[in-house]
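In what follows, a single structure is set out as structure tokens and then discussed.
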Amino acid sequence: MRAYLDYNATTPVDPAVLDAMLPYLGENFGNAGSVHSAGQRARAAVDDARESVAALLSAKPSEIVFTSGGTEADNLAICGTIAAAAQPRKHIVTTAVEHHAVLQTCEAFIGEGVDKGIEKGTDVTVIPVDSTGVVDPEAIRRALRPETALISVMLANNECGAIQPIEEIGRIAAEAKIRFHCDAVQAAGKIPVDARRLGADLLSISAHKIYGPKGVGALYVRSSTPLVPLFRGGHAERDRRPGTENVPGIVGLGKAAELARLRLAEDAARIAPLRDRLESALLERIPGVRVNGDTARRVPNTSNLTFPGAGGEALLISLDLQGIACSTGAACSSGSTEPSHVLLALGLSHDAARSSLRFSLGRQTTPEEIDYAIAVVPGVAERIRALSPRAPQSTAPVGAR
Ligand code: PLP
């Protein structure tokens, strides 16, 4: 038996997405920039995909820029806005729980001189979150300065699933006339994402998180939002993203976006009870387990749990040996495992952050997989704890949150 519970890392390509893509890897191989009919077939497919992505985000097709994924969309939004800002506007406001594609891109602007093509000299304010992973919009408002060029806040967190008060932040940005970028990579397909309603000027999504292929994504750019492209070399994507279009990938993203829009409510209604069943069973059966993040305002598929006294890496590896795939939010940097910056931002200690696992469910998750995880995880956690020198001697109240 196997249980893949790592859909926030990536999702399998939906069979309908693969079917839609295959002709564009085969007979319809044309370059969407070519004038002949092979090129025109590719162009028509890209245009259809653009409409479908726009429909998912309640946007206009002309507001969609295809990219190589969520990371590029985030980079384009941040670097493109800073480069387009009038000179004195040299300040970014973001949060402590952003994905590294946002945080590290913002941080690259701090300091002086030029590094890796980035002209430094922009200040960055990183706003903390509360213990549930949620940012206070008023803290964002207070951080704004006359020279603030950009606010970047994610819609749903990839590690704990917490949903940020984006509409409020969007209103604050609009009042202050500051550009607002929202990373919606983990929200798309899980909760409704209406770019205009959220008040975003820029919004990122990624195909491989919504049952599309890897290496393709999109940035919503609200009409007449100034943006300097990351790349040079042609006029594709209305001069915002030069390069020959990844036609099969874009077609895949288009189909994935269509399915996400049609299946959103049904997927959420089926997945949330499975997630809740897994979570409550683990809370009940494993002493001391705690849930990380806002349980009330959370995407329907994610559960992040701390198993005090059991190392996350050891848990992960032991579960993998039993066929269960999940994740730690840890990042490997210079050969050492850093605890998740998101869990630290929620106030967890390094030990607790290192003893946490994320389970993320998806469209193909079955009740049998959940039964299997419920049967296996408690025993594995107990074994790892028994082997750990830091294992708690007394057990905390059963089911404590
Ligand atoms: N933003 C968030 C919130 C993510 O979870 C991810 C991927 O994990 C990304 C951005 C990066 O997307 P991609 O893998 O398409 O580069």
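Quick grid of which residues meet (1) away from the ligand (no atom under 16 Å from the Cβ); (2) among the hydroxyl-bearing types (Ser, Thr, Tyr); (3) in contact with a Gly (Cβ under 9 Å, 6 or more places away or on another chain); (4) not in a loop (DSSP other than H, G, I, E, B):
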residue: 12; (1), (2), (3), (4): no, no, yes, no
residue: 18; (1), (2), (3), (4): yes, no, yes, yes
residue: 32; (1), (2), (3), (4): yes, no, yes, no
residue: 41; (1), (2), (3), (4): yes, no, yes, yes
residue: 50; (1), (2), (3), (4): yes, no, yes, yes
residue: 89; (1), (2), (3), (4): yes, no, no, no
residue: 110; (1), (2), (3), (4): yes, no, yes, no
Next on the checklist: Exactly one condition in (1) modelled with pLDDT of 95 or more; (2) more than 16 Å from the ligand (Cβ to nearest atom); (3) open to solvent by 20 Å² or more (accessible area, probe 1.4 Å) is false for residue 163; which is it?
Outcome noted: (2)
Item to check | Top-ranked residue of the stretch 62-79 - restricted to ones that are over 18 Å from residue 208 (Cα atoms) and open to solvent by 10 Å² or more (accessible area, probe 1.4 Å), ranked as nearest to the ligand (Cβ to nearest atom) | outcome: 79
Checklist entry - Can you name the residue in the stretch 52-61 that is away from the ligand (no atom under 16 Å from the Cβ) and either touching a Phe, Trp or Tyr at 6+ places or on another chain (Cβ under 9 Å) or in a helix (DSSP H, G or I) (or both) and is also farthest from residue 254 (Cα to Cα) among such residues? => result 59
Checklist entry - Among the residues of the stretch 283-297, is there at least one that is in a strand (DSSP E or B) and not hydrophobic (A, V, I, L, M, F, W, C)? => result yes
Checklist entry - Do you know which residues across the stretch 93-111 are of a type in the set (Val, Ile, Thr) and crowded, with 19+ Cβ neighbours inside 10 Å? => result 93, 94, 95, 97, 102, 105
Item to check | Those strands (runs of 3 or more DSSP E) lying entirely in the stretch 312-381 with at least 1 residues modelled with pLDDT under 95 and open to solvent by 10 Å² or more (accessible area, probe 1.4 Å) | outcome: 331-333, 336-338
Checklist entry - For residues in the stretch 146-160 being farther than 25 Å from residue 356 by Cβ and assigned to a loop (DSSP other than H, G, I, E, B), which is nearest to the ligand (Cβ to nearest atom)? => result 147
Checklist entry - Restricting attention to the stretch 175-207, and to residues there that are of a type in the set (Val, Ile, Thr) and within 16 Å of the ligand (Cβ to nearest atom), which single residue is surrounded by the fewest Cβ atoms within 10 Å (Cβ to Cβ)? => result 191
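What number of residues within the stretch 112-145 are open to solvent by 30 Å² or more (accessible area, probe 1.4 Å), farther than 18 Å from residue 81 by Cα and part of a loop (DSSP other than H, G, I, E, B)? Give the steps one after another, and end with the answer.
Applying the first criterion (open to solvent by 30 Å² or more (accessible area, probe 1.4 Å)) to the stretch 112-145 yields 112-117, 119-121, 123, 125-126, 128, 130-132, 136, 138, 141-142, 144-145.
Those still in the list that are farther than 18 Å from residue 81 by Cα too: 112-113, 128, 130-132, 136, 138, 141-142.
Okay, now just the ones that are also part of a loop (DSSP other than H, G, I, E, B), so 112-113, 128, 130-132, 136.
Matching residues across the stretch 112-145 total 7.
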Checklist outcome for this item: Listed by first then second residue, the pairs whose first member lies in the stretch 370-388 and is within 19 Å of residue 351 (Cα to Cα), whose partner is open to solvent by 50 Å² or more (accessible area, probe 1.4 Å), with beta carbons under 8 Å and at least 6 positions apart or on separate chains, are 380/322; 385/392
Checklist entry - Can we say residue 288 is on the phi > 0 side of the Ramachandran plot and open to solvent by less than 60 Å² (accessible area, probe 1.4 Å)? => result yes
Checklist outcome for this item: Checked against (1) open to solvent by 30 Å² or more (accessible area, probe 1.4 Å); (2) in contact (Cβ under 8 Å) with a residue 40 or more places away in the chain, residue 171 satisfies every condition except (2)
Item to check | Given (1) without any contact (Cβ under 8 Å) to a residue 12 or more places away in the chain; (2) within 16 Å of the ligand (Cβ to nearest atom), index of the condition residue 37 fails | outcome: (2)
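Rundown of residues vs (1) under 19 Å from the mean Cα position of the chain (by Cα); (2) of a type in the set (D, E, K, R), yes/no style:
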{"residue": "120", "(1), (2)": "no, yes"}
{"residue": "129", "(1), (2)": "yes, no"}
{"residue": "133", "(1), (2)": "yes, no"}
{"residue": "148", "(1), (2)": "no, no"}
{"residue": "158", "(1), (2)": "yes, no"}
{"residue": "174", "(1), (2)": "no, no"}
{"residue": "181", "(1), (2)": "yes, no"}
{"residue": "192", "(1), (2)": "yes, no"}
{"residue": "201", "(1), (2)": "yes, yes"}
Checklist outcome for this item: Taking the stretch 269-302 and keeping only residues that are closer than 18 Å to residue 354 by Cβ and not aliphatic (A, V, I, L, M), one is left with 288, 290, 292, 293
Checklist entry - Among the residues of the stretch 208-227 satisfying the criterion of being more than 16 Å from the ligand (Cβ to nearest atom) and open to solvent by less than 50 Å² (accessible area, probe 1.4 Å), which is farthest from residue 61 (Cα to Cα)? => result 227
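The values are calculated or read from the model by the stated rules, or taken from the named source; none is laboratory data. Please read these numbers as outputs of a predicted model, since none were measured by experiment. Positions of Cβ are backbone-derived with ideal geometry, glycine not excepted, and every protein chain shown enters the neighbour counts. Please note that ligands, DNA and RNA were not included when accessible areas were found on the heavy atoms of the full protein model with its side chains. Shrake-Rupley method; radii C 1.70, N 1.55, O 1.52, S 1.80 Å.
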